[in-house]
Amino acid sequence: MLEVKNLMVFFENALAVNDLSLEVKKGEIVGVFGSNSAGKTTLMNTIAGLTQHMMHREQRKGGQRITISGEMLFEGEDILRAKPSRRVAKGIVLCRERHPVFKDCSVEENLRLGGYLRKESEIRERIRYAYDLFPPLERLKGKKAGMLSGGEQEMVAIGMALAARPKLLIMDEPLLGLSPAMQSEVVRAVREISRDGVTILLAEQYARPVMPVIDRGYVIENGTLIVSGTGKELLDNPEVRSAYFGV
Amino acid sequence: MELVNVLVFGLVNSAVLALTAMGFSLTFGLSGVANFAHGGLYLLAGYTSWILANRLNLPFAVSAVLAVILAALLGALIYRLVLMPVRGIVLSEVIATFAVGVAILELFRWMGFVTYEFNLRPFVKGSVEIAGVAVDYQRILIIGIGLVLAAGLWYFTRRTRIGLALRGMAQDEYTALSVGIESDWAAALSLALGAGLAAVAALSILPLGIISINIGYDVLLIALAVTVLGGLESTTGLVAGAFILGYAMTFTSTYLGPQWMEAVYMAAIVLVLAVKPSGLFGKSKELEERV
Ligand SMILES: Nc1ncnc2c1ncn2[C@@H]1O[C@H](COP(=O)(O)OP(=O)(O)OP(=O)(O)O)[C@@H](O)[C@H]1O
Ligand SMILES: [Mg+2]
C-alpha cells in the first residue's frame, strides 16, 4: 500500500531522516519506534505531506531550506510531491503528535472538519462511527474541544482522523501523555480500527504498550533505520530490547 | 435635546464604524493577515459602482453587485499575487497590502476622481423621526445591514462546511492541512470575503456624503482604531470597539467640534496600544499567537 524508498529529509544541513526505506502492506499495523528526535514525526509529516507544505512555505519567504528526496508510492501513485489535501483525498490521514484539535470548535465541529473532503452523508456515518468507538465523545459533542482533558482531546483527534475515512491511518505517538487506562483504551481502538479494514502506521517511543497489536516494526535512531521485523524479531534483538521495550 | 441627538447619532455612528471595520476584522480573524489595502478596496467599490451606474448607465442594483464582486476578486488576487510570497512575514504583509491600497487610491486620483461630483445614490430616500431627532432611512438601513451581515457571518462560520474550514485553518494550520483543507485557498477566500465586506460597507455608507480619495485613508484608520480598541479578531471586540469609538466621536464632535473627531481615534489607538495592546476585549495572548 505504502512504499517509501531511500527517503532523505534535511532541515538546512541537518539530516532528520536518513536514507530510510519502509513498507506498509494493506491491512497491517506497523510501528515506528525511536527515542526523542529520532525522526519519527518528520517521517510521519513527510508521508502526510506536511513537510512538503512547510518546504514550500519556507522557500517562498526565503526561510529555512528543507530538502526532501527519495521515493514514495501510495497504491502505486508517486505522492512524494503531492499536496496534503491530495493525500487526504487518496486516503492517507495523519493524526498529529500531541493530538492537536481545533480548540475553539465543538467536538462535533471537530469531527465534521475531519470529514471536510467527504460527502455529507459519509460525514454523518463517520461521526457515528467515532461515537461508537469512543462513547464518551457523544456526551461531549457540544463542548468546546479546548476545554476537554488531554485524554478526551486524544479521542477527538483520532475521531477527526477517522472522519476523513482513511485507508492508511498514521498516528504519531498516540499514547503520549496518557494514563495507563487511557493508553489501553487507545490500543483497543487501534485494534478495532484495524479490524474495520484500515491500515495503520504508528510511531511511539516505547514499543511495549503497542506490542500486542503491531504486525511489524521499524526502529530508527537519528533518522536512520536500525532494525526492522516482526514484534518477536524486535524483542529478540537485545539492544533494541533494552532501549525501546524497557525490559 | 442635545443628549438625545448624541444618543441617536452615536448609535448610527457606531454602526457605521462597525460596518467599516468588519471586513478588515474578518480577514484578520480568519487568516491572520492585516489587510492594509482595506481602504483602497472600500473606495474602489465606491468609484466602480459610480462609474457603472453613471458612465455605463447600469441599473443601480447591478452596479452595486458588480462592485462587490470586483472587490472580492481583487481581494483574492491580492493574496495570490502580493501576499503569497511573503506569507508569515508580518511586516512584509503590511507593507505589501498598504502599497496596493495606496496604488488603488492614487490611481483614482490620477484618473481625475478629485472633484465633488461623485456621490452614490442611497438605497432608500427619506427620513424618520426618532425621539424628536430626524434620522434618514439610509442611516437606519446601515444598522440593519450591519446586523444582517453579522448574522450571516455567524451562520457562515458555524453552519457551513467552507466557513467551518476557514475557522479551522485560523485555529491550527497544520491540523487543518492534515484533514485536507488548503491553506492558500483558505487565505485567498478570507481576503476575498473581507474585501467583499469592505465593498458592501462602502456602498451603504458612501451615500451619506460625497466620495473622495481621502476617505480611503480614513477608512483604514477607522478599521485599525476599531479593531485595535476592541481586540483583534473577536466579534464582540469589534462591536464594543465600534460603540466606544462611535460614542466618543459623537460626543467630541457635538461638544468640542467636528475638527476633534480625528484626534479621538488616533488617541484611542495610541492609548490602547500603550495600556493594553491586546485590545480592551482581547485575550492577552491573542496578538502573539496570531501574528
Ligand atoms: N521544522 C524543523 N526545523 C528544523 N529541525 C527540525 C524540524 N523538525 C524537526 N527537526 C529536527 O529533526 C530531528 C527529528 O525530529 P522529529 O520531531 O522528527 O523527532 P521525533 O522522533 O518525532 O522526536 P519526539 O519523540 O521527541 O517527538 C530533530 O533533530 C529535530 O530537531
Ligand atoms: Mg515526534
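Computed from backbone phi with θ = phi - 60° and the Karplus coefficients 6.51, -1.76 and 1.60, the 3J(HN,Hα) list for the range B:54-59 is 9, 8, 9, 6, 6, x Hz; x is used for glycine and proline. Each listed q (0.10, 0.12, 0.13 Å⁻¹) maps to a log10 I(q)/I(0) for the protein assembly as shown from the Debye sum over equal C-alpha point scatterers, namely -0.86, -1.08, -1.19. For the cross-link pairs A:LYS25/A:LYS143; A:LYS40/A:LYS144; A:LYS40/A:LYS61, the ones whose C-alpha atoms lie over 32 Å apart are A:LYS25/A:LYS143. Proximity of backbone amide H atoms, modeled 1.01 Å from N, is registered between A:LEU201 and A:VAL30, A:LEU169, A:ILE170, A:MET171 at under 5 Å, excluding neighbours fewer than 5 places apart on the same chain.
Label sites at B:VAL62 and A:LYS141, each approximated as a point 7 angstrom past Cα along Cα to Cβ, lie 4.8 nm apart. Working from Cα pairs under 8 Å separated by at least six residues, relative contact order for the range B:77-210 is 29 percent. Of A:GLY49, A:GLY142, A:GLY62, the residue with the greatest mean-square motion in the GNM of chain A, using alpha carbon springs below 10 Å, is A:GLY62. Shape summary of the range B:2-290, radius of gyration then Dmax from alpha carbon positions: 18.6, 59 Å. Volume per residue for the range B:24-145 equals 142 cubic angstrom (convex hull of Cα atoms). Dividing the mean sequence gap of close Cα pairs (under 8 Å, 6+ apart) by how many residues the range A:102-164 holds gives a relative contact order of 55 percent. Structural descriptor for the range B:2-290: relative contact order 34 percent, calculated from alpha carbon pairs under 8 angstrom and at least 6 residues apart. Summed over both chains, the contact between A and B buries some 2500 Å² of accessible surface at a probe radius of 1.4 Å.
Among DSSP beta bridges lying fully in the protein assembly as shown, give the percent that are antiparallel, nearest 5. The answer is about 60 percent antiparallel. Ranking B:ALA192, B:LEU203, B:VAL100 by how far each Cα lies toward the positive end of the dipole of the range B:84-205 (charges on Cβ) leaves B:LEU203 at the top. Averaging Cα coordinates gives a centre for the range A:169-224 and one for the range A:11-28; these two points are 17 Å apart. Counting every pair of alpha carbons in the range A:102-164, the share spaced more than 19 Å apart comes to 17 percent. Along its principal axes, the range A:92-212 has C-alpha extents of 38, 30, 21 angstrom, given from the largest down. Using the beta-carbon distance between B:LEU3 and A:TYR206 and R0 = 60 Å, what value does 1/(1 + (r/R0)^6) give for FRET efficiency, to the nearest 0.05? That gives a FRET efficiency of 0.25.
Mean projection of the Cα convex hull over all viewing directions, computed for the range A:6-150: 10.6 nm². Calculated mean residue ellipticity, 222 nm, chain A: -11500 deg cm²/dmol, from DSSP H runs (n ≥ 4) at -39500 (n - 2.57) each, averaged per residue and rounded to 500. Taking label points 7 Å from Cα along the Cα-to-Cβ direction, B:ARG161 and B:ARG55 give a separation of 4.1 nm. Projecting the Cα atoms of B:ILE69, A:ILE200, B:LEU26 onto the dipole axis of the protein assembly as shown, where Lys and Arg carry +1 and Asp and Glu carry -1 at the beta carbon, places B:ILE69 farthest toward the positive end. The convex hull around the C-alpha trace of the range B:194-250, projected and averaged over every direction, spans 4.2 square nanometres.
Roughly what percent of Cα-Cα pairs across chain A reach past 32 Å? Percent of Cα pairs beyond 32 Å in chain A: 19.
Under a model in which nothing but the beta-carbon of Lys, Arg (+1) and Asp, Glu (-1) is charged, the protein assembly as shown shows a dipole of about 780 debye around its Cα centre. For the range B:181-279, take the convex hull of the Cα atoms, compute a quarter of its surface area, and give me that in nm², please. In nm², the orientation-averaged hull projection of the range B:181-279 is 7.8.
Carbon-plus-sulfur accessible fraction, chain A (probe radius 1.4 Å, protein heavy atoms only): 49%.
The values are calculated or read from the model by the stated rules, or taken from the named source; none is laboratory data. From a predicted model like this one, the values you see are computed outputs, not experimental measurements. Please note: Cβ atoms are built from the backbone with ideal geometry, for glycine as well, and neighbour counts cover all protein chains shown. SASA here: full protein model, heavy atoms, side chains in, ligands and nucleic acids out. Shrake-Rupley method; radii C 1.70, N 1.55, O 1.52, S 1.80 Å.
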